[in-house]
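Some notes on the structure that comes next.
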Amino acid sequence: MSALDQYIEALSSPEDALLHELERETYLRVLNPRMISGHIQGKLLEMIVRMIRPQRVLEIGTFTGYSALSMAAGLPEGGVIDTCEVDDELEMMILDFFSRSAYAERLRLHIGSALEIAPQLGELYDLVFIDGDKREYTAYYNMLFDNNLVKSGSWIMADNILWYGKVVEPVAKGDKQTQAIIDFNAAVCADPRVENVILPIRDGINLIRVK
């Protein structure tokens, strides 16, 4: 961790003990642990939820549950998060940490593809956090509008939108993930239904408001 990152960590509100344990367990037990949101991004997600005050949140890509738990902490009374994870091997770990959270009643885990699950839930979402398969970002985005899952005033956040800086480099042959992120960012910027800004925190978040 750089000196600047250490400074940011030290002078931000401390990490919740359960989230700290979850991050440690993720690095011990799960492949590609760097996919976890972590302290600073998790705190940002919580703050954004507190500002927006959504009643219904959709998360696409739970991983081990750090971001869902972070957002749940910021939800107003009666708020619910539907979170979709395609990797069923993570289900027990996710449910264990969800059940131990003070916000367990705010979290609903769905195992399977969000493209299939989300349209069947019958919800209209105030906030959507996209952090699933990068190759499917545009499909997730289109699904939200095609199935009327978002409305005017809804917010969408897409994670890993700078993709380790690869979005400004020549795309390697066969690198479908980088190309998909580039295509997604361009599509959002050109979409007259929304306005957006890319935040360069961690690996980048595209913050999108539906007009």
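The values are calculated or read from the model by the stated rules, or taken from the named source; none is laboratory data. Quick caveat: nothing in here was measured; it's all calculated off a predicted structure. All Cβ positions, glycine included, derive from the backbone under ideal geometry; neighbour counts span all protein chains shown.
Is it the case, given these coordinates, that G61 is crowded, with 21+ Cβ neighbours inside 10 Å, at pLDDT 95 or above, in contact with a helix residue (DSSP H, G or I) (Cβ under 6 Å, 6 or more places away or on another chain) and at positive phi?
Here the answer is no, as G61 does not meet what is asked.
Looking only at region 72-105, which residues are within 14 Å of L18 (Cβ to Cβ) and either under 11 Å from the mean Cα position of the chain (by Cα) or part of a helix (DSSP H, G or I) (or both)?
Result: A72, A73, M93, I94, L95, D96, F97, F98, S99, A104.
Which count do you get for residues in region 1-51 that are touching a Phe, Trp or Tyr at 6+ places or on another chain (Cβ under 7 Å), surrounded by fewer than 18 Cβ atoms within 10 Å (Cβ to Cβ) and either of a type in the set (V, I, T) or over 11 Å from Y66 (Cβ atoms) (or both)?
Adding up the residues that qualify gives 0.
Could you tell me which numbered condition G122 fails, if it satisfies all but one of (1) surrounded by fewer than 14 Cβ atoms within 10 Å (Cβ to Cβ); (2) under 15 Å from the mean Cα position of the chain (by Cα)?
G122 satisfies all of (1) surrounded by fewer than 14 Cβ atoms within 10 Å (Cβ to Cβ); (2) under 15 Å from the mean Cα position of the chain (by Cα) except (2).
Just name the residue that is farthest from G42 (Cα to Cα) out of those in region 74-90 that are surrounded by 14 or more Cβ atoms within 10 Å (Cβ to Cβ) and not β-branched (V, I, T).
Once the filter is applied, the top-ranked residue is D87.
Would you kindly identify the strands (runs of 3 or more DSSP E) lying entirely within region 115-211 that contain at least 1 residues that are among the polar types (S, T, N, Q) and either under 21 Å from M47 (Cα atoms) or modelled with pLDDT of 95 or more (or both)?
150-159, 194-199, 205-210
I'd like to know if region 42-56 contains one or more residues that are closer than 21 Å to N160 by Cβ and either part of a loop (DSSP other than H, G, I, E, B) or hydroxyl-bearing (S, T, Y) (or both).
Taking every residue of region 42-56 in turn, none turns out to be closer than 21 Å to N160 by Cβ and either part of a loop (DSSP other than H, G, I, E, B) or hydroxyl-bearing (S, T, Y) (or both).
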